[in-house]
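Have a look at the structure below before the remarks.
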Amino acid sequence: MYRPAVANIHLHPLSHNYRIAQSLCPTGGQALAVVKADGYGHGAVAVAEALAMDAPAYGVACIEEALELRAAGIAAPILLLEGFFTADEIPLMIEHRFWTMIHCPEQLETLVQQLNNSSVTRPISVWLKVDTGMHRLGFSVEQADTACRQLLSLPNVSDLCLMTHFANADLEQPTGVSQSQQLQRFQAFANKYSLPTSVANSAAMLSYPNARLNWQRPGIMLYGASPLEKPSSFCQQLQPVMHLESAVIATRWIDSGESVGYGSRFTATQPTRVATVAIGYADGYPRQAREGTPVAIDGKITQLIGRVSMDMITVDITHIPEAGVGSKAQLWGDLVSANQVARCCDTIAYHLFTGVTKRVPRRYCL
Ligand SMILES: *Cc1c(COP(=O)(O)O)cnc(C)c1O
């Protein structure tokens with residue numbers, strides 16, 4: 001690789017963050033590592049391999065992602081968080097011992113048909129998703145009993161786990177349905193069965209001890225970003241995994257009154273030294289980044305000036321005289337947090353991580 005833009009993925013911090021997730025499990029509870037969307041942009045196979053000694057299971061969004069992990073030799077159970085999309089996936093799921101979510105009556109019907117009329121000989125592990133207020137996926141609380149009883153009656157369904165997902169686990173003062181309301185609705189249903197349960201994503205794990213049930217489903221916290229509006233003491237212990245880095249490829253002085261970049265969005269009010277860094281929106285550095293978005297140059301925090309272009313950004317290095325062509329730039333990582341950058345782009349760290357494009361090589365280190 002000749003271009004300096006790179007996403008350095010630090011695997012020690014990943015394991016460290018997983019252990020924090022594990023410490024937030026109740027006795028006997030387990031944390032399923034969510035590695036969907038290519039491990040939140042970090043590389044699903046590398047992440048799963050790095051966690052293989054710790055994580056008892058993984059979560060992905062679809063069978064394509066699960067098959068990629070199996071092909072790479074990951075042997076642990078893998079939960080398809082949205083289940084299957086077509087009946088054709090069911091034999092594959094059974095062959096590879098994937099666990100499936102069942103979230104709607106149509107999906108349950110398809111499963112029942114497949115289990116009835118094919119030569120299914122091995123049981124399939126099912127998680128039943130209940131909609132307790134997010135209203136995106138899941139059986140309504142009223143439908144859930146019928147679905148649960150039906151699943152319990154199927155000979156080739158095993159290890160049934162009951163789950164729900166929170167809409168507002170990340171917010172201090174949710175305007176919509178709260179975690180406790182959703183948990184209450186969930187418990188009113190789940191308490192009728194003595195089955196394993198799961199409700200907590202990272203935000204709930206970090207902020208709501210009551211939500212820590214048999215299975216936790218940490219995603220973003222494994223990658224070292226905080227899902228919470230108001231970070232907790234646990235969030236402060238998380239270590240960033242991805243360091244998105246590049247280098248300065250040109251510098252110049254501009255006079256007061258001169259502008260930088262497309263649309264001349266930034267105009268200097270004093271003589272300003274500008275560094276051009278080889279990273280842009282085609283790499284996943286958001287074009288929405290505002291003036292003043294933090295960037296570290298040679299370890300010192302400075303700011304973005306001017307619009308983000310496809311392949312480059314411009315940064316103020318007036319106060320970093322030692323910086324020059326070749327100086328290291330960190331866009332997010334240990335010096336500049338992804339959460340901070342996300343706020344400057346009106347988005348969330350999840351979006352930044354998953355948005356890093358394939359032009360940026362991932363380089364793995366400890
Ligand atoms: C993505 C996902 C998670 C992980 O969420 P984080 O906010 O990244 O911790 C947990 N559960 C389900 C169902 C998911 O789809």
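No value in this document is a laboratory result; all are computed from the given coordinates. As the structure is a computational prediction, the values presented were derived from the model and not from experiment. Cβ sites come from the backbone with ideal geometry, for glycine too, and all protein chains shown count toward neighbours.
General remarks:
- Loop trypsin sites (Lys or Arg not before Pro), the range 283-366, which have at most 15 other Cβ atoms in a 10 Å radius of their Cβ (DSSP): 287, 290, 358, 359
- Pairwise FRET efficiency - residue 8 versus residue 86, Cβ, R0 = 30 Å, nearest 0.05: 0.20
- Model label zone, residue 301; criterion: amide N under 20 Å from point 7 Å along Cα-to-beta-carbon; scope the range 227-264: 227-246
- For trypsin sites (Lys or Arg not before Pro), the sites in the range 66-170 that DSSP calls loop and that have at most 11 other Cβ atoms within 10 Å are 136.
- Simple label model, 7 Å out from Cα along Cβ direction - residue 187 to residue 75, nm: 3.9
- Entry note, the chain: the mean residue ellipticity at 222 nm calculated from DSSP H runs of n ≥ 4, each adding -39500 (n - 2.57), is -8000 deg cm²/dmol after division by the residues and rounding to the nearest 500.
- Sequence-separation-based contact order of the range 35-175, relative, with Cα cut under 8 Å and 6+ spacing, percent: 16
- For the chain, alpha-carbon Rg and Dmax in angstrom: 23.3, 77
- A straight Cα-to-Cα reach below 26 Å connects residue 230 with the lysines 36, 300, residues fewer than 8 places away in its own chain not being considered.
- Other residues with beta-carbon under 14 Å from the beta-carbon of residue 310 carry, at +1 per Lys or Arg and -1 per Asp or Glu, a net charge of +2.
- Footprinting exposure proxy for 272, 293, 318 (fewest neighbouring C-beta atoms within 10 Å first): 318, 272, 293
- Förster radius 51 Å - calculated FRET efficiency between residue 140 and residue 364, Cβ distance, rounded to 0.05: 0.70
- Measure of compaction for the range 173-295 (Cα Rg per 2.2 N^0.38 Å): 1.67
- Loop sites in the range 80-172: GluC sites (Glu not before Pro), DSSP, at most 14 other Cβ within 10 Å: 172
- For residue 127, residues with placed amide H under 5 Å, excluding near neighbours: 100, 101, 102, 161
- Per the Kirkwood formula applied to alpha carbons, the range 109-219 shows a radius of gyration over Rh ratio, Rg over Rh, of 1.02.
- Estimated inter-spin distance, residue 54 and residue 288, nm [label 7 Å along Cα→Cβ]: 3.0
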